[in-house]
Amino acid sequence: MPVLSVGRGAVGVGAAAVLAATGTWVMWPGNVDTRLWGDVRPVIEARLVAEARGSGYGESEPALDARWFCRVEPLELVERGDVVRAGVNTLCMEYGMRDGTLVECGGAQDPQVVRLQRDDAAAGGFRVVSREEAPDGEGNAEWTDAHFGFLAESALHDPMSSGPLETAARAHFGLPADAPLGVC
């Protein structure tokens, strides 16, 4: 039967205490408060769609009637008083319709940090007060390291499915669920 040394046990307890005290203890994404996430998710997605408007290739083609669809997945969610910090993985895709076919015009998956404030007058009871995303290019890895804990950062490498966005786009354009998907 193995015997644990008091020294090793004390080091482990000490390390856990330091991590907790310094705020570097990271919650696994599966432990996100689902009630709070249900409140802030639609507000974040609406903000992403609003900010993406006018920035896509498909929107420059009037015959396409293109628009953006966004979804977010929680990585870290912390509530302090009336402020919520949401570390999220985002996927925004631009879809349009041409000749009864859903067409994909562009999109991107990016990590972001969104800060929200509780506001009873706002839709959903929250409003976005700031949004940060990783810069394009070389600064991306450094930004991600500085804004996310290790476990959340490792989840960023998983691709997000565009399936729910395609489904929403087909419904928006009145297309059947099996309508083909093309490219702009």
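With the checklist (1) at pLDDT below 75; (2) in contact with a Pro (Cβ under 9 Å, 6 or more places away or on another chain); (3) open to solvent by less than 80 Å² (accessible area, probe 1.4 Å) in hand, flag the one item residue 143 doesn't pass.
It is condition (1) that residue 143 fails.
Given the residues 76, 59, which is the only one that is in contact with a helix residue (DSSP H, G or I) (Cβ under 8 Å, 6 or more places away or on another chain) and either open to solvent by less than 60 Å² (accessible area, probe 1.4 Å) or outside any loop (DSSP other than H, G, I, E, B) (or both)?
76
So for region 83-102 (the condition being in a helix (DSSP H, G or I), within 21 Å of residue 171 (Cβ to Cβ), touching a strand residue (DSSP E or B) at 6+ places or on another chain (Cβ under 6 Å) and open to solvent by less than 30 Å² (accessible area, probe 1.4 Å)), does at least one residue qualify?
No.
Give region 62-73 a look and list any residue that's open to solvent by 80 Å² or more (accessible area, probe 1.4 Å) and either modelled with pLDDT of 80 or more or under 22 Å from residue 34 (Cα atoms) (or both), or say none.
Selection gives 65 alone.
Can you give me the number of residues within region 171-184 that are modelled with pLDDT of 95 or more, open to solvent by less than 30 Å² (accessible area, probe 1.4 Å) and either outside any loop (DSSP other than H, G, I, E, B) or of a type in the set (Val, Ile, Thr) (or both)?
Here the count works out to 0.
Can you work out which of the residues in region 146-170 that are modelled with pLDDT of 90 or more and open to solvent by 50 Å² or more (accessible area, probe 1.4 Å) is farthest from residue 95 (Cα to Cα)? Give the steps one after another, and end with the answer.
Filtering region 146-170 down to residues modelled with pLDDT of 90 or more leaves 161-170.
Okay, now just the ones that are also open to solvent by 50 Å² or more (accessible area, probe 1.4 Å), so 161, 164, 167.
Details: 161: 15, 164: 12, 167: 11 Å.
Here the answer is 161.
The values are calculated or read from the model by the stated rules, or taken from the named source; none is laboratory data. The structure presented is a predicted model; accordingly, all values stated were derived computationally and were not measured. Neighbour counts run over all protein chains shown; Cβ positions are idealised from the backbone, glycine included. In case anyone asks, the SASA skips ligands and DNA or RNA and just uses the protein heavy atoms, side chains included. Shrake-Rupley method; radii C 1.70, N 1.55, O 1.52, S 1.80 Å.
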